[in-house]
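The values are calculated or read from the model by the stated rules, or taken from the named source; none is laboratory data. What you are looking at is a predicted structure, and each value in this text was computed from that prediction instead of being measured. Cβ coordinates were reconstructed from backbone atoms using ideal geometry, including for glycine residues, and neighbour counts include every protein chain displayed.
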Amino acid sequence: MSPYFTKAFWTLALCLVSLSGWAQGTPDSLREPTQKYGLRAGLELSKLLRTSLDDDYTGLELVGDYRLSEKLFLAAELGSENKTTFERIVDLPLYRYNSSGAYLKAGVDINNYKNWFGEQNLIFFGLRYALSTFKMEVYERYLYDSYRYYEPDSFVLFSEDKIEYNSLSASWIEIVSGFKAEVLPNIYMGMSARIHFLLSYNQPDNFDSLWIPGFNKKTDNSRFGLGYNYSISYFLPLYKKPKKNLEEQTSF
């Protein structure tokens, strides 16, 4: 190959490399760091698993959040639950009842994780206000009988007449802590732990709201409860904003 053609070949190659680099845009190291803003929505997984394994339970919960700023997210959960329970003393039944209804939880999450370039993960704490509307049905009631001469293995069945308590409601607040991690592009797995504090609830005549959809079991001696959440969700990016530097990240 003549020197003329060799020089022309390398000149053309350098031009192609230059054009390729220009077409790919500015290198990551020179780009202004940005963060994606948008809506993340999905499903709570433990309720789906429990529904498939427990014949006395049906539940579904939708989860979502929307990013407002570098750290602050609006968050909500919307769900329904239906559970049948045998209330017992030791192994002896007192009554069988069903509680079913829907609930809404809304509040904010604050992200404490400082993401690297391109990351969108969260380690957060948050707060929710929750409201549940539900009904209760009592199917069987037993008389407490410590003597048990006629029924040595159980208490005496008092009534099988169904009693309905409709238009019940409850409200509470939740303190939330958890994380959400991107496992595939825009697909997130999450987990959170929750402390509930019951604010108000309707107590039916001659009965008590022992299990509240969204709150779970309520006890007579405490207004506190515990909960958890496992989720899978999809993030829909809507727009981007410049990522704040470390000094600016101290504010929301």
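Descriptive notes on the structure:
- If you go through the range 206-238 and pick out every residue that is of a type in the set (D, E, K, R) and either assigned to a strand (DSSP E or B) or without any contact (Cβ under 8 Å) to a residue 12 or more places away in the chain (or both), you end up with 1.
- Look at the range 166-178: where a residue is assigned to a strand (DSSP E or B) and a partner is at pLDDT 95 or above and among the polar types (S, T, N, Q), sitting 6+ places away or on another chain with Cβ atoms under 6 Å, you get SER169/THR133; ALA170/SER132; VAL176/SER192; GLY178/SER192.
- Filter result for GLU61 (at pLDDT 95 or above and either acidic (Asp, Glu) or over 18 Å from the mean Cα position of the chain (by Cα) (or both)): yes
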